[in-house]
Amino acid sequence: MPLDVQGTFVSQKINKIRWIPEEYIEANCFFTGSWDDDVNSIKVWTLESNQEEEDIEYPRPLSEFIVDGDVTEIQFVDSTKIAVSTSNGDVKLLEISVYDKKSPLREIHSWKNLHNFGLDQCSCTSLHILDGDIATIGEDGNVNILNSRRGEISYRIVGADSCSLHSVCFIKHTEVITGNLRGHMKIWDLRTNINKPAASFLLAGDEMAATCILNHPTQPHIILAGSESGSLAVWDLRVNSFPTTLLNAHSAGVTEMQFHPENPHKLFTSSVSGEIWDWNMEGMTKSTQGPDNQITTWLPLEEKNAMMVNSLMPPLHKPINTLHCDKGKIICGTDNEAVYLIKNFKY
Amino acid sequence: MNTSNQGSSFSRGNNTQADSNTKTFVLPDKCFEQRAACVFRSGNKFSIYPRSQTVSKAPVSIDNKILDVRQDILLFIPILRKLVNESNGTYISLQKAAEAAKTTDNQVEFLKLSRQYRSIIRVCIESLQESAAMEQDGVKKCNLLSYITIFYSVECIWHLCEILYIDNIPGDVVLPFLLEWVRFHFPCHEQTAAQMLEACERGSEDHPEYWDTVIGMIVQGRVDVARALMKLHSSVDSNEFKLVDNSLRSMPVYSVYGGISTGEFTISWKHWQAECRSKITSRVLTSQPKLELIMKLIIGDYAAFESIRGSYSSWFDLLGGWVMFTAPWTRRHELGAPAAACAGMATPTHAPRTHLDQMVRALLDGDLHQVIHEIQQISDNGWFATHLTDILFHCGKLKILDKHQNNVTARLRDSLILEYGCLLMEHKSLWSAGLSYLGSCPPEGLRRAELALERMPIETEAKAMRVIAEAKKYGLNGVVRTVCACASSRLLRAGRIGGALTWGTRGKHGAACGRAAHAALRQYAARGELPAQDALLTATPAMLPHHPLLLAVKYSDFHRLYKSREFKKAGKLLVSLITSKLAPDYFWETLLLDTLPLLESDELIFSSEDTIEIMLCLELKSSNLSAEKADLLRLAAVRNLARASLADEDNSNSE
Amino acid sequence: MGDQSITNLFESQTIFADHKDLIHDVAYDFYGERMATCSSDQYVKIWDSDNKGGWRLTGSWKAHHGSVWKVTWAHPEFGQVIATCSFDRTAAVWEEVGDTNSSGSEKGLRTWVKRSNLVDSRTSVTDVKFGPKHLGLLLVTCSADGIIRIYEAPDVMNLAQWTLQHEIPTKVSISCLTWNPSMSKINPPMLAVGSDEPNTTNAIANVQTDKSTACNGKVFIYEYSEGSRRWTRTDCLSSVLEPVNDIAFAPNLGRSFHLLAVATKDVRIIKIEPIVDWNNPNSTNGGGRFKTEVLAAFEEHFSCAWRVSWNLTGTLLASSGDDCCVRLWKMQYLNQWRCVAVFKNEPMAGDSPPLVRPHTAYMRMATMANPAHMPYH
């Protein structure tokens, strides 16, 4: 079956979208987080088909949870709990009922003004979760590690960056990598108490922000970062601190990246230029598994053109802010106040 | 089409008194009884306050209130935001199609987009209906119902416009399209007919709406359905029924592709009507008045049409039938006369003419100028007028002249788009859509976009980045600079020097960079702790448009070298900083005192030339240091000079 | 048609200003998110939008020793800075500082520090405005004795240091001034000032042929000449002969002409088009620098208009006057102007009570039955 794309207007600019995982079956419900509006919220949606056209599914809202400020990130702590960061500096833990998705989200914990400029508000720009530990970053340049079970701040790096931080990712339990507004990447060892990064390097020389960071699901030493310029950088942390590869990808900022949960050869990216692409990364991964287990460069620059890139839907005239994939279904949220559902993706 | 504009009919209130469009609102507070003043805030928001021009004689206790006023924008309710966003996509496609149409004929594409607009309106009406049905609150429900009325009119007019100006009609013979329009917008008879036909009961005339439905089907041109309904009448086998059925069956139908000329068709059609007329005059139908009425209708009898006018809410319900039975070959731009005939039919209730009536009439008269004027009165905040005018303009179907016979069509289209774009720019979220309207209307649209974008409140860097990305798309570099400078200023106030530097650099804003660099240097001079080292150390050469920044970057590099104990290099850099005389007055003390540990280190750092340079600057800038510190430095410098001279001598001796 | 009931509606909310005396001015910052008010009670108050439609008082202090006439915001690029002018013959520049003081912070008030006190005037300072930002940090004041003063802060980091760059005597009492916001390089920096000098028989008799010195108009245009480094009066609008209470240039949309709104005995919109003399671009001779044309004169405010204010794009003008009404004027596509709304007091409430709308602090405003509004027939 060919790809099937279908848009629904939702009267909110969507900044984050996440499938709610189901065991064994395809997800049918998802979260959205809105931004850039007078009132922003997190909504739970379900896909429903109406009587007339059975194969067309439309999202229908089930519940709404109003937040102050823009929703900047939604990540799962476990299958029923999410951590949400907002632009007023708060981080919240919310729980959705397993039995009745219509019942309102329950707030389990809230860190008010976790990021701040003293009395003034400051955006908590992103967060990342690894096994119940939540790393949060903000425009204040601080990094916080939160313990989701105990609801406490277990570690802080105050003044990790003199600039605002825009992306964060756990490399392992004891290490996070952050990216700032200028594309300055820093790796932090959470076991030490010195306010100095274990390593630092630049994403590119163009002073553009690192908008998102992701590590490879099966090869954690491989790190990808998306840039505000639209390019994609890949590092092999074992080799050196410079990007192995810098790909000129989208024509404007990369907004989100995700590897297909069941096929690590597939990467999805979305962009401010309204594009949503899937990348076939198979070629790249092969080159790492050299015959004598020698570490080889992850992706030789000259192979860039060999990579398979597909556009999942025609370019949109407004930014695509977020995407999420579950099995054969991809959803994305956009600045023209719509969500798009892409079905029949082969992985 | 060519409409000349008598005077300025768009602003009926050139002389503003007695302008029917001026509404008066009540100020809700007594404090405005004596004095009132106003100030604009942003967009459509402004304030009224009890401003005094003079001082009160004695301080009085005054009830001072400020009234924030804003226009209530219908399009900003969630359901209609879907319409706004979806139609924005179609609008953008239309602009692309119009661009392509400059080289090739693109009418098919325009028709497709017109239909797309109509389907958006349909979806909007349906979701309004859905939520009206669920709404419990009386006032809200009432509002929703009036929105439905609005968009229902919009849909109806758009469809007719599409038929008359956008659709490709073979031979311009409009009848089939006109009938389709009537059926689509007035479907009630068709629904009843369908129910009756489904039930298929002999003796359906007992149904209270039986005859209304049959006649309704006749005037909507559904002769086959009317005949099928008549077969359900218990006296279907009577002669009268057979006679009428025969007349209906034998009615000639005109088709451009029918292979006969208009002339030939006219002859056979007139012949058929004459036959029908003779049947009426033969008075065979007097016992069946309804059948007689049908016969009179199909020969286009004005009195017959007028007699059923009362059963229809508006005259244009009858328009399709009237054209069908009086002049089925009518071309699409010849509908003025039939419209006048139908509109002139007396109604038993003397119901007032509605706005929709006026619009349909103007449209059928081919007076697009008046049509646009009328649709501007619809309270959809200009959505319809903007999009319809735009598509008609691109189809080349609009020509509007001012009183001097100048073509002002483009100006009219632009002014509508600019206004609609600015309206959306006022909304916290819909600005992105608004910008694409303004961007499609240069040069004024871009200038307006610039004014609106720089004033967009920016609370987060994410928003700033998005605004900048959009501004760059339209080449609005002034906006980029302003947004960056303001972000830089905001961060500086929050004590975030690194961030302030970064934003200054992004905007290539020398003054902002300078401010941030000064702040960094001042902070170091005051606290002895250099802020934003990570930013300064990784600064790229592109980041050096301004002297204070250059100094800050170099100075932080000096710290790095010093800390890594590369004293020679550090010393060289420091001397170059001193001799370049880039430093502002407040920083000289810091810079000069930094030489002290290097002058006094065990290893010789400064050459004699360097030392002399330092001493020279020390004397030049001694006013920036306390006498005590200056003396300390002089002493150290002299001692170092002695060491350096000796070393120089050793060097020259050893050569 | 049913839509008439919901067309073109306005909604409003009330803020209790809490000034102990008459309010003289309300000014919004660049974004419209902060509001400054000033009053005869000698106080200045700062209000911040809470982004939910409400306003929060975040600053309040005694700013002067006399009535505070005007308050104005600097461009945010220069920080959070306002200027005030007063009957006490001074103008002052204030800056909000990041830290909050101990007494104020309990009430959520922020500290505003007086950065500079401009004491050059010997009479009441009637208006104060920051210059367009592309000219740097400039401040202009005018006073009752008719002197226009232009100050500059050479170091934008140091708001304590303002140098008086120009002093322009006009010989008549000046009540208001406005900068031309045009950023076009073709136009030199330009100011318009309005005089509230009453017309005496003397003044009327004084009509002479020499246009530049004895025009009895009440609006003067000044331009800065880069060559001579001086501000000179380049025009006097002969069409405005009555005392002027307020004056405002419209935002420039890249047009070749400027639009000036004047509140005098009526509300006027005047088009000012520079005549480009290519042989002598800096010519300021009596031949006239500009072609001026009165585009509209609205007399609805009875004898006197007090205030004019443009919207962001210069397509809507709000005016107020002696009739205690506020009117909105809108530009049509062929440049005609039309009144689109009137806000007035009515002892008897209108035909519909205000309706409360959920989620906002705004109430829908009642409309008045309009005799001029005829139904379709």
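Some points to look at:
- In straight-distance terms, cross-link reach from residue B:581 covers every one of the aspartates and glutamates whose alpha-carbon lies under 16 Å from its own, apart from those fewer than eight places away in the same chain; here that gives B:589, B:594, B:610, B:613, B:619.
- Peptide packing: for B:239-250, B:191-202, B:328-339, A:246-257, the average count of neighbouring Cβ atoms within 10 Å per residue gives the ranking A:246-257, B:328-339, B:239-250, B:191-202, highest mean first.
- Potential extension, residue B:141-residue B:188 segment - 0.36 nm per residue separation minus Cα distance: 14.6 nm
- Folded to 0 to 90 degrees: helix B:547-563 orientation relative to chain B principal axis, Cα: 60 degrees
- Across all Cα pairs in segment A:100-216, the calculated P(r) in 10 Å bins from zero up to the longest distance comes to 14, 45, 30, 9, 2 percent per bin.
- Calculated over segment C:15-314: convex hull of Cα atoms, volume per residue (Å³): 145 Å³
- Fewest-first sequence of A:184, C:75 by Cβ atoms within 10 Å of each Cβ: C:75, A:184
- Under the Debye formula (equal points on every Cα, no solvent term), log10 I(q)/I(0) of segment B:581-655 at q = 0.13, 0.20, 0.27 Å⁻¹: -0.39, -0.80, -1.26
- The modelled label-to-label distance for the pair residue B:613/residue B:264, using points 7 Å beyond Cα in the direction of Cβ, is 10.4 nm.
- Charge dipole of segment A:83-213 (Cα centre as origin; +1 on each Lys and Arg Cβ, -1 on each Asp and Glu Cβ, all else neutral): 320 debye, rounded to the nearest 20.
- Charge dipole of the protein assembly as shown (Cα centre as origin; +1 on each Lys and Arg Cβ, -1 on each Asp and Glu Cβ, all else neutral): 2100 debye, rounded to the nearest 20.
- Rounded to whole Hz, the Karplus (6.51, -1.76, 1.60) HN-Hα couplings of segment A:339-346, x for glycine and proline: 10, 10, 10, 10, 10, 6, 6, 8
- Label point at residue B:286 placed 7 Å out along Cα→Cβ; residues across segment B:292-307 whose backbone nitrogen lies under 18 Å: B:292-296
- Tally of Lys pairs whose C-alpha atoms are under 15 Å apart, taken over segment B:164-290, 8 or more apart or cross-chain: 6
- Distance distribution note for chain A: the fraction of Cα pairs above 27 angstrom is 44%.
- Angle between chain B longest axis and helix B:239-249 axis [Cα atoms, degrees, rounded to 10]: 40 degrees
- Reachable lysines, given that their alpha-carbon falls under 20 Å from the alpha-carbon of residue C:20 and they are not under 8 places away in the same chain: B:30, B:57, B:65, C:45, C:62, C:70, C:107
- Net charge of neighbours whose Cβ lies under 11 Å from the Cβ of residue B:614, counting Lys and Arg as +1 and Asp and Glu as -1: -3
- Mean projection area, nm², convex hull over Cα of chain B: 50.7 nm²
- Among the listed pairs A:13/B:472; A:16/C:52; B:96/B:508; A:266/A:343; B:572/B:629, those beyond 26 Å (Cα-Cα): B:96/B:508
- Lys/Arg +1, Asp/Glu -1 at C-beta; segment A:1-132 dipole; positive extreme among A:99, A:113, A:47: A:113
- Karplus-derived HN-Hα couplings along segment C:243-248 (A = 6.51, B = -1.76, C = 1.60, θ = phi - 60°), whole Hz, x at Gly and Pro: x, 9, 9, 7, 8, 7
- Sites residue B:33 and residue A:147, calculated FRET efficiency, Cβ-Cβ separation with R0 60 Å, nearest 0.05: 0.45
- At q = 0.04, 0.06, 0.07 Å⁻¹, base-10 log of I(q)/I(0) for the protein assembly as shown (Debye sum, equal scatterers on each alpha carbon): -0.32, -0.68, -0.90
- Once both labels are positioned 7 Å from their Cα atoms along Cα-to-Cβ, the gap between residue C:199 and residue A:199 label points is 8.3 nm.
- Alpha carbon convex hull of segment B:520-617, volume per residue in cubic angstrom: 97 Å³
- Per-pair calculated FRET efficiency, R0 = 30 Å: residue A:174 and residue A:79 via Cβ, rounded to 0.05: 0.75
- Measuring r between the beta carbons of residue A:344 and residue B:401 and using R0 = 60 Å, the FRET efficiency lands at 0.65.
- Nitroxide proxy distance, nm - points 7 Å out along Cα→Cβ at residue C:113 and residue B:347: 7.3 nm
- Reduced Cα scattering model of segment B:457-564, Debye log10 I(q)/I(0), q = 0.17, 0.20 Å⁻¹: -0.74, -0.96
- Net +/- balance of residues flanking residue A:212 in space, Cβ distance below 14 Å, scoring K and R +1, D and E -1: -2
- Average beta-carbon neighbours from other chains, 10 Å sphere, peptide C:319-325: 5
- Computed lengthening from residue B:102 to residue B:600, 0.36 nm per intervening residue step minus Cα-Cα distance: 171.4 nm
Bear in mind these aren't lab numbers, they're just calculated from the coordinates by the rules spelled out. In this text the structure is predicted, and so the values were computed from the model without any measurement. Every residue, glycine among them, receives a Cβ derived from its backbone with ideal geometry; neighbour counts consider all protein chains shown.
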